[in-house]
Amino acid sequence: MIFSEAELNEKFCIKGGNPLKGEVKIGGAKNSVLKLMAAAILVPGPVKIYNVPELTDVCIMLEVIRQMGIKTEYNKEEKSVVIDATEITDITAKYEFVSKMRASFIVLGALVSRCKEAVVALPGGCAIGERRVDFHIKGLEALGAKMKIENGYVHAKATKLVGNDVYLDIPSVGATENIMLAAVLAEGSTHIQNAAQEPEIVDLANFLNSIGADVVGAGTSEITINGVKLEQLHPVEYTTIPDRIEAGTFMSMIVGTRGKAIIRDIFPAHLAFFTNKLIKMGANIKLVDPTSIEVSCKNRLNSINFVTLPYPGFPTDLQSMAMALLVTSNGVGIITESLYENRFMQVPELRRMGADIHQDRNHAIIKGVKKLSGATLSASDLRAGASLVVAALMAEGNSEVKNLYHIDRGYENFENKIQLLGGKIERIQEISPAILTEDTRNESYL
Ligand code: EPU
């Protein structure tokens, strides 16, 4: 009997209390590589991207691009992907993909730029918040695209795109990226004001410049894209930046288990704010070389307060990891989540491990307890799920973390990397009792 993926629910079995030691290598940034893949649609020729992590989200993006008739090739050993958009036969991104991975909405800007037309499913909300795309749509309209929403799809059409000033109400990462992509082949210059400043935006700008585009100011709040002609774009080989959120997750695990380990293949400056907060909590963090840090912690952590903010502020994607650390810290810590309406999904699960957390809308007050105890836990989304793994490694006794498909979206070889650091973690395939008929029940015991 072969079970489908949905029927086989995987879980982590974790034995906590083991200090993590050794070395871990960080992969390419999920939130960058997905955008670089979309940007490759602009180039009528093969683009090779290195440092591509093997993640569910990367597979979905590859599928979205393939559906457009674009040739793609993923090389597992090399961790590279080739995208050859010499020909584009379809300008649609279907709901079945966009609903699984919102980041695929980014193909909108690239398609409008290259083909002057796109039909992309509207992503809708997700577990962590409403996550509207109104700034993306207004931005493309400002460049002259006619935008229409029909049957759950955004239809964008333009005879030509013309550069313009676009002011974002908030520095949205996705909107900045979509507008950058749309502006690459527009006539004249586009100025994005109050642009997002994340390292992933800088990576996208560097990639675009490497294919022949003209982008200035990425990493500041004002980005200028001087439009170029399609003939000026050319194939390139490009390496994705390291994943700062994966690095921050490992930093949390090492600190939380009072371990000592080196984290390699990162850009430490991208983690400056988070590093500073961990040091305030009592962690030791040393630069080993320009791309490696040593993280250690001997004592119980001190509590801290923080507010999540767009880069260079405290990253919302590491808020849940910091909460996992605060639950056993000495004192009371307050977290304010300012980016998403519903990003405290880990709270009820952490409470089941013994955490003392009071939540009031987007504020969480965490009173440190001496220890957490292992429990059966459920991942509600990617980062909440990862924080439960951090907490389970810190806890006394055994835990189970279910719904691993959320975690697999953003962490490559997660359990293998933790095992290499000495963490006791196993991936187990659990067959849901609901699907066990008399026959399959017998088979499953064989
Ligand atoms: N927003 C709007 N309208 C828009 C766009 C955004 O109201 O048109 C709001 C959102 O609802 C949200 C806030 O602005 O409340 C910030 O959203 P942003 O557009 O900056 O986020 P994103 O581009 O959708 C990316 C990352 C997220 C990360 C955020 C913030 C990718 C694929 N996703 O999302 O990563 O949290 O930036 O840094 O790049 C994750 O990796 O777990 C993750 C959720």
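The values are calculated or read from the model by the stated rules, or taken from the named source; none is laboratory data. In this text, all values refer to a predicted model and were calculated from it rather than measured experimentally. Neighbour counts are summed over all protein chains in view; Cβ atoms, including those assigned to glycine, are modelled from backbone coordinates with ideal geometry. Side chains are part of the model used for accessible areas, which takes the heavy atoms of the whole protein and leaves out ligands, DNA and RNA. Shrake-Rupley method; radii C 1.70, N 1.55, O 1.52, S 1.80 Å.
Given a 1.4 Å probe and the protein chains as shown, Thr376 ends up with an accessible area of around 70 Å².
For Gln232 and Asn284, the FRET efficiency from 1/(1 + (r/R0)^6), where r spans their Cβ atoms and R0 equals 45 Å, is about 0.40. Backbone N atoms of segment 387-419 closer than 16 Å to the 7 Å Cα→Cβ label point of Lys21 belong to residues 419. Segment 30-239: D in µm²/s via Stokes-Einstein (Kirkwood Rh, Cα pairs, 25 °C, 0.890 mPa s)? Here the translational diffusion coefficient equals 148 µm²/s.
Considering only Ala29, Ala103, Ala384, the mean-square fluctuation computed in a Gaussian network model of the chain, springs between alpha carbons under 10 angstrom, is largest for Ala103. Note on Lys76: aspartates and glutamates with a C-alpha under 17 Å away, same-chain residues under 8 apart excluded, are Glu54, Asp57, Glu63, Glu237, Asp408, Glu412. Rounded to whole numbers, the Karplus 3J(HN,Hα) couplings from phi for segment 11-21 are 9, 9, 9, 10, 9, x, x, 9, x, 7, 9 Hz, using 6.51 cos²θ - 1.76 cosθ + 1.60 with θ = phi - 60°, and x at Gly and Pro. Computed over protein heavy atoms with a 1.4 Å probe, the accessible surface of segment 30-239 works out to 39 Å² per residue. Pairs Lys100/Lys229; Lys100/Lys371; Lys100/Lys138; Lys71/Lys100; Lys298/Lys367: which are spaced more than 27 Å apart, C-alpha to C-alpha? With Cα atoms farther than 27 Å apart: Lys100/Lys229; Lys100/Lys371. Of all aspartates and glutamates in the structure, the ones whose alpha carbon falls short of 15 Å from that of Lys402, not counting any fewer than 8 places away in one chain, are Glu5, Glu7, Glu10, Glu349, Asp381, Glu415, Glu426, Glu430. Taking Phe274, Phe267 and ordering them by how much accessible surface each has at a 1.4 Å probe, largest first, produces Phe267, Phe274. By the equivalent-ellipsoid construction on the alpha carbon gyration tensor, the chain comes out with semi-axes of 38, 26, 21 Å, ordered largest to smallest. Its Kirkwood hydrodynamic radius, worked out from the mean inverse distance over all distinct Cα pairs, puts segment 1-116 at 16.0 Å.
Per-residue ellipticity at 222 nm for the chain, helices alone: DSSP H runs ≥ 4 residues times -39500 (n - 2.57), over residue total, nearest 500 deg cm²/dmol? It comes out at -8500 deg cm²/dmol, rounded to the nearest 500.
First compute the accessible area of the chain with a 1.4 Å probe, then give the percent of it belonging to carbon and sulfur atoms. The nonpolar share, carbon plus sulfur, comes to 50 percent.
Close amide-amide hydrogen proximity is noted between Glu396 and Leu372, Ser373, Gly374, each under 5 Å apart and 5 or more residues distant or on a separate chain (H modeled in the peptide plane; Pro and chain starts excluded).
Would you mind telling me which residue in Ser221, Ser80, Ser296 has the biggest mean-square fluctuation in a Gaussian network model of the chain, where springs connect alpha carbons within a distance under 10 angstrom? Top of the fluctuation ranking is Ser221.
In summary, the aspartates and glutamates within cross-link reach of Lys146, defined as a Cα separation below 18 angstrom excluding same-chain residues under 8 places away, comprise Glu117, Asp134, Asp165, Glu187.
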